[in-house]
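Here is the structure we will look at.
Read-outs: derived from the displayed coordinates by stated rules, not from any lab. The model shown is predicted, which means the values in this text are computed figures rather than measured ones. So basically every Cβ, Gly included, is an ideal-geometry build from the backbone, and we count neighbours across all protein chains shown.
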């Protein structure tokens, strides 16, 4: 069976969103991003057309900030929808698996420097597959290791027996 393309996975993510009871800004942003991604995927093969800045996301959500990039950017940052989706990663993966998909969808973000706008997008991935910490990291930025990635955990086991003598 050929690997599913994003076009086939997007409706599955929309269906997962429909099962969620949350009614918050993160959910609204995800719904808007999925809807706009489905439209872009149907109309063009250009990957850049599936990337959306804060103002475009605010417009997709029909927020009052849709006419002001600075206000939209502040609202999108405040919502932290990347953390929202990441915290539900296992649920998303299980839903995709239950629908017969070996891949799931996660949120990606391009954060260019300077006056360029950050852009969010959805991408397919294989659950459980390790990705490089530098996969989307710009070349000129230092890599920040995640907690526990480079350190070893040490477990101490203390034994106490009744015949131990304390001085």
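Points worth noting:
- Point-to-point label distance, residue 99-residue 21, nm (Cα→Cβ direction, 7 Å offset): 2.2 nm
- Relative contact order (%) - region 6-125, alpha-carbon pairs under 8 angstrom, separation at least six: 28 percent
- Column: log10 I(q)/I(0), Debye, Cα scatterers of region 3-89, q = 0.22 Å⁻¹: -1.14
- Taking label positions 7 Å along the Cα-Cβ direction at both residue 117 and residue 14, the computed distance is 2.3 nm, reported to one decimal.
- Between residue 125 and residue 71, the C-beta separation translates, for a Förster distance of 35 Å, into a calculated FRET efficiency of about 0.65.
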